[in-house]
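The values are calculated or read from the model by the stated rules, or taken from the named source; none is laboratory data. Everything quoted here is computed from the prediction, not taken from an experiment. Counting neighbours? That spans all protein chains shown, and the Cβs are built from the backbone with ideal geometry, glycine included.
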């Protein structure tokens, strides 16, 4: 259950890694051994990074997402179009970080359902202030960490097209369209019961 995850500011290093996800998931089709995938990526620099540290950071992020998605959705990522990939990236991201999950559910989805389809930086800061009252971890975040969390969240959600910037510090909220096949699968599988909420399809 995502509500049981701990708060962490480590998401500030996250990137969408759309291409790198495809590379890793393609290798996963050949072997279910993550260590074999890791070795192949590193030995052949399949992510085309300049530093080994960058590659290992990307691999850590992708491994978390792989565990969130599970086999059927990994396959859906490889076979799906851009919109399905956006939805799957968003779901894997929110499944990895509690603050991202709660931000999407409590702020983005709530505003969408209430027919208030915009979000501002001030509203993000108000959300963080509420979380700081509930969590000692969030309460210890410095202003710079909070700014970095804001930048990564809005960038990630923007690249997944859940948010569209309309002006500096203000975003428009829009649902991510799902293919009929992906929508049917997540609707029929209990494990993915919050997928439609996160992508604004429920």
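Residue by residue through region 76-90, note down the ones that are in contact (Cβ under 8 Å) with a residue 12 or more places away in the chain and under 17 Å from residue 176 (Cα atoms).
76, 77, 80, 81, 83, 84, 85, 86, 87, 88, 89, 90
Please report, ordered by residue number, the helices (runs of 4 or more DSSP H) entirely within region 15-90 with at least 1 residues that are under 18 Å from the mean Cα position of the chain (by Cα) and within 30 Å of residue 105 (Cβ to Cβ). Walk me through it before giving the result.
Details: elements: 18-30, 34-43, 52-79.
Qualifying helices (runs of 4 or more DSSP H): 18-30, 52-79.
Working only within region 116-131, note down all residues that are surrounded by fewer than 15 Cβ atoms within 10 Å (Cβ to Cβ) and closer than 14 Å to residue 99 by Cα.
125, 126, 129, 130
Restricting to region 103-131, what's the tally of residues that are without any contact (Cβ under 8 Å) to a residue 40 or more places away in the chain and either out of contact with any strand residue (DSSP E or B) (no Cβ under 8 Å at 6 or more places or on another chain) or more than 15 Å from residue 163 (Cβ to Cβ) (or both)?
14
What's the number of the condition residue 93 fails, among (1) surrounded by fewer than 20 Cβ atoms within 10 Å (Cβ to Cβ); (2) in contact (Cβ under 8 Å) with a residue 60 or more places away in the chain; (3) under 16 Å from residue 176 (Cβ atoms)?
Here residue 93 meets the rest and fails (1).
What are the pairs with Cβ atoms under 9 angstrom where one residue, in region 50-75, is on the phi > 0 side of the Ramachandran plot and in contact (Cβ under 8 Å) with a residue 24 or more places away in the chain and the other, located anywhere, is part of a helix (DSSP H, G or I) and surrounded by fewer than 19 Cβ atoms within 10 Å (Cβ to Cβ)? Sequence gap at least six, or different chains.
Going by the 9 Å Cβ cut-off, the qualifying pairs are 70/191.
Hey, among 132, 122, which residue is in a helix (DSSP H, G or I), out of contact with any helix residue (DSSP H, G or I) (no Cβ under 8 Å at 6 or more places or on another chain), over 19 Å from residue 192 (Cβ atoms) and at pLDDT 95 or above?
Details: 132 fails: out of contact with any helix residue (DSSP H, G or I) (no Cβ under 8 Å at 6 or more places or on another chain).
After ruling out the rest, the residue left standing is 122.
Considering only region 132-145, state which residues are surrounded by 19 or more Cβ atoms within 10 Å (Cβ to Cβ) and either within 20 Å of the chain's Cα centre (by Cα) or free of Cβ contacts under 8 Å to residues at least 12 places away in the same chain (or both).
138
Just to be sure I understand, how many residues within region 146-173 are assigned to a loop (DSSP other than H, G, I, E, B), surrounded by 14 or more Cβ atoms within 10 Å (Cβ to Cβ) and at negative phi?
2
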